[in-house]
Amino acid sequence: MALTSSSRPKLWKFARVQFDDARQRSVLQYPEGAVLLNDTAAEILALCDGERTIEEIAATLNQRYDADVLADVLADVQTYLSELADRELVRDEMPSSPVG
């Protein structure tokens, strides 16, 4: 499932990011397994709250790392999160409709 720059990614309800003391790095854990994360991947997933869009996540990372080209950061973040969405570890959280 390809996510777009306006997607609002959120971790699957049974997945979580934890710091593994033995490996001294973050791990994405889910019922069927685990994925070791590099620092950048852990930062991306920490920003996936279902509120921020992929574009906003990329802009935050672009600002943190003073990257040269936002479009490159956006493409990398979108590709990474789309791969996790294909594995059903991340989903696009639809904005809630106003009640009224």
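Just so you know, all these numbers are worked out from the coordinates, no wet-lab data involved. Treat the numbers as computed from the prediction; the structure is a model and nothing was measured. Positions of Cβ are generated from backbone atoms using ideal geometry, with glycine treated the same way; all protein chains shown enter the neighbour counts.
Wrap a convex hull around the Cα atoms of the chain, take a quarter of its surface area, and give that in square nanometres.
7.4
With n ≥ 4 as the cut-off for DSSP H runs, can you work out [θ] at 222 nm for the chain, using -39500 (n - 2.57) per run divided by the number of residues, rounded to the nearest 500?
-11500 deg cm²/dmol
What ranking of Leu36, Leu3 emerges when the number of other C-beta atoms within 10 Å of each C-beta is taken as an exposure proxy, fewest first?
Ordered from fewest to most neighbouring Cβ atoms within 10 Å, Leu36, Leu3 come out as Leu36, Leu3.
Over segment 1-49, what per residue volume does the convex hull of the Cα atoms give, in whole Å³?
92
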